[in-house]
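The values are calculated or read from the model by the stated rules, or taken from the named source; none is laboratory data. Every value quoted in this text rests on a predicted model; they were computed, and no experiment measured them. Ideal geometry is used to build each Cβ from the backbone, glycine not excepted, and the neighbour counts take in all protein chains shown. What goes into the accessible areas is simple: the full protein's heavy atoms, side chains included, and nothing from ligands, DNA or RNA. Shrake-Rupley method; radii C 1.70, N 1.55, O 1.52, S 1.80 Å.
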Amino acid sequence: MALRPYIVGNWKMNGTRAMLTEAGAIDRGAARHPGVQVGIAPPFTLVQAMAEAVEAIVVGGQDCHTQASGAYTGDVSAAMLADAGAGFVIVGHSERRAIHGEKDADVRAKAEAALAAGLGVIVCVGETEAQRDAGKAEAVVTAQIAGSLPQGEGAAAQLTVAYEPVWAIGTGRVPSAEDVSAMHRAIRAKLVALLGEAGSEVRILYGGSVNAGNAAELLGCDDVGGALVGGASLMADSLLSIVLAAAGPGDD
Ligand code: PGA
């Protein structure tokens, strides 16, 4: 069974309430393509307002704490995100790994907290340019998968993996279609090895400089089940072009 494509916008630290009109436009556009699942992860401050304003798309967080509550100044828990109306959370984004020093074990704990709160979870993995140049990209990414995936019965059903080569994020550079296909096949094999048959039903998103111009080719690569989109998700027109590419011909 083909998995429903999943296009997720990661707004990063962008967006004030004025951007809710853009979210509304994304929501109305997404409603015309029910064959594609669309999500937006705005900053925490917009999660509740956006969740209340949209109908066709799902709203998510960009990170969560490992604990449900407690003395963790500045942090937000998965349970709080769920309470605000979120349906998913991104964990292990390379900006969290690089800037906040998050390790695979932290990412796994966050993913497990997300599942415990009833959220879907998008676990991000990806190699640096130096790791790719050294021929270690697949080894690095499959090790991140092994270390970061949530454990436990039923985890696969709520899990999405996002492959985002660090060197492709925000740079306008993308891997070749052959390299994307090879990596996604390697991730699929690892998911099946770790999760059994359930691993074949986990969507694997590609992320890193996805835009309206390259989306169709990237989404057509082996085992690419959608896209995690940063810069191009901030405007409804560009994100909806990517949604259209995911919907395929005949779905205008
Ligand atoms: P980008 O970001 O599309 O701006 O490259 C992708 C991401 O970081 O998720």
Inter-probe distance in nm under a simple model that places probes 7 Å from Cα toward Cβ, at Asp83 and Ser176: 5.1 nm
Within the under-13-Å Cβ sphere about Cys221, not counting Cys221, Lys/Arg +1 and Asp/Glu -1 give a net charge of -3
Rg and Dmax of segment 134-194, using alpha carbons, in Å: what are they? 12.7, 39
Over segment 6-247, average the accessible area per residue using a 1.4 Å probe and give it in Å², no decimals. 42 Å²
Enter the Cα centre distance for the pair segment 167-196 and segment 75-127, rounded to the nearest angstrom. 20 Å
Can you compute the charge dipole magnitude of the chain about its Cα centre, using +1 on each Lys and Arg Cβ and -1 on each Asp and Glu Cβ, nothing else charged? Give it in debye, rounded to the nearest 20. 180 debye
Determine the relative contact order of segment 6-247: mean sequence separation of Cα pairs under 8 Å and six or more apart, normalised by residue count, in whole percent. 20 percent
Pick from Asp133, Asp179, Asp83: which residue has the top mean-square fluctuation in a GNM of the chain where Cα pairs under 10 Å get a spring? Asp133
Give me Rg/Rg_expected for segment 40-154, where Rg uses Cα atoms only and Rg_expected = 2.2 N^0.38 Å with N residues. 1.12
So for R0 = 45 Å, FRET eff. of Thr73-Lys136 from the Cβ-Cβ r, to 0.05, ends up at 0.75
Within 10 Å, at most 10 other Cβ atoms, and a DSSP state outside H, G, I, E, B define an exposed site. Report the longest part of the chain free of exposed GluC sites (Glu not before Pro). 154-252
Count the net charge of all other residues whose Cβ sits under 12 Å from the Cβ of Gly9, scoring Lys and Arg as +1 and Asp and Glu as -1. -1
Sorted by chain and number, the residues with a modelled amide H under 5 Å from that of Val210, at a separation of 5 or more or across chains, are Gly230
So, with a 1.4 angstrom probe, what is the percent of accessible area on segment 31-70 that is carbon and sulfur? 46 percent
Cβ-defined net charge surrounding Gln37, 11 Å radius [Lys, Arg +1; Asp, Glu -1]: +2
Among the Cα-Cα pairs of the chain, the proportion with separation greater than 31 Å, in percent, is 16 percent
Taking the chain as a Gaussian network, where each spring joins two C-alpha atoms under 10 Å apart, which residue of Ala139, Ala84, Ala232 fluctuates the most? Ala139
